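Just so you know, all these numbers are worked out from the coordinates, no wet-lab data involved. Keep in mind that this is a model prediction, so the values were computed, not measured. Methodologically, a virtual Cβ is constructed for each residue, glycine included, from the backbone with ideal geometry; neighbour enumeration extends over all protein chains shown.
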């Protein structure tokens, strides 16, 4: 008489494998979104007493590199600027989104308002690269010297904020030009990533 091996263990193994796959799928699906902030190569600075403060244009990129489809929300940003030579630090707030336009009459780049500083939805299928305008505190102006800046992006889904630091330098001639332009012209400065 031929005996066939019992296969009663097969449903048990299949159930166990199914449980493992389900649990790992839930873990992956509920992970916090992994978003990177990538800094540009330059910052644009403008200021003038008639404006009442200094302001900067910065275009960070927010990219999702997570292993799930969860969407992250960048609800607001600030740019913390500290002079290297012991001056007063300042917090620039994100005020609006803009775009650069070339003015044929003046042969210069200007900017045009695009949108308010609204939350940005970042997913694996949609990165955001907002050309952002940050306004400094009233009465605060750049002086000649090197500045250390930190961009802080506050998130909704993940508990921690995103931060990226860099340095840039203004000469006395740069500051003189910016003050004479009274906020109507900007200068671009290369940044050094930290």
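Rounded to a whole number of µm²/s, how large is the Stokes-Einstein D of region 32-193 at 20 °C and 1.002 mPa s, given Rh as the Kirkwood radius over C-alpha pairs? Write down the numbers at each step before the final one.
On the way: Rh = 16.5 Å.
Translational D for this selection: 130 µm²/s.
Cut-off 14 Å, label point 7 angstrom out along Cα-to-Cβ of residue 185: give me the residues of region 39-57 whose amide nitrogen falls inside.
The answer is 45-48, whose backbone nitrogens lie closer than 14 Å to the label point.
If I fit a long axis through the Cα atoms of helix 172-181 and take the longest principal axis of the Cα atoms of the chain, what angle between them do I get, 0 to 90°, rounded to 10?
80
Can you give the FRET efficiency to the nearest 0.05 for residue 73 and residue 173, using r as the Cβ-Cβ distance and R₀ = 45 Å? Please report the intermediate quantities before stating the final value.
Values: r = 42 Å, r/R0 = 0.93.
Using R0 = 45 Å, I get an efficiency of 0.60.
Taking the Cα-to-Cβ direction at residue 118 and at residue 51 and moving 7 Å from each Cα, how far apart do the two end points lie in nm?
Placing both labels 7 Å along Cα→Cβ, they lie 2.4 nm apart.
Could you give the angle, 0 to 90 degrees to the nearest 10, between helix 9-29's Cα long axis and the longest principal axis of the Cα atoms of the chain?
Between helix and principal axis, roughly 10 degrees.
For region 104-174, what class follows from the C-alpha gyration tensor (a ≥ b ≥ c being the square roots of its eigenvalues): rounded when a/c is under 1.5, otherwise prolate if a/b is larger than b/c, else oblate?
Verdict is oblate for region 104-174.
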